[in-house]
Amino acid sequence: REIGCIVRSLGCFPTEAEVQELLEKIEVEEPGGFVHLEHFLPVMTKVLLDRRFRPIPEDVILHAFEALDENKCGYITKDDLVKHLTQ
């Protein structure tokens, strides 16, 4: 269940459907859904080398932060960021 988070922490941003495709390529043998590192590494190495999932473009990220900047002051305070991330 954490594969999407792991992949995204490596700078890749697949959709949930693409995460499911990755899981199909990785042999999941454990009853709890655990993935063995030796099964994950070859698949993820190929993903990284092929640059399969592009990072989110800077303008999209900037637009998202501009949407959170309610006062249009050019920055987001820690309190505002915490509020947006938790509500």
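The average projected area of the stretch 1-50, computed from the convex hull of its Cα atoms over all directions, is 3.3 nm². Sorting ASP80, ASP69 by solvent-accessible area of protein heavy atoms yields ASP80, ASP69, largest first, with a 1.4 Å probe. Ligands, DNA and RNA left out, the accessible area of the chain computed with a 1.4 Å probe is 58% carbon and sulfur. With equal scatterers on the alpha carbons only and no solvent term, can you work out the Debye log10 of I(q)/I(0) for the chain at 0.14, 0.23 1/Å? With no solvent term, the Cα-only Debye profile gives -0.65, -1.08.
Taking all protein chains into account, the per residue accessible area for the chain stands at 81 Å² (1.4 Å probe). Under the criterion of Cα pairs below 8 Å and six or more residues apart, the relative contact order for the stretch 1-50 equals 29 percent.
The values are calculated or read from the model by the stated rules, or taken from the named source; none is laboratory data. Worth saying up front: this structure is predicted, and the values here are computed from it rather than measured. Protein only, heavy atoms only, side chains kept; ligands, DNA and RNA dropped before computing areas. Shrake-Rupley method; radii C 1.70, N 1.55, O 1.52, S 1.80 Å.
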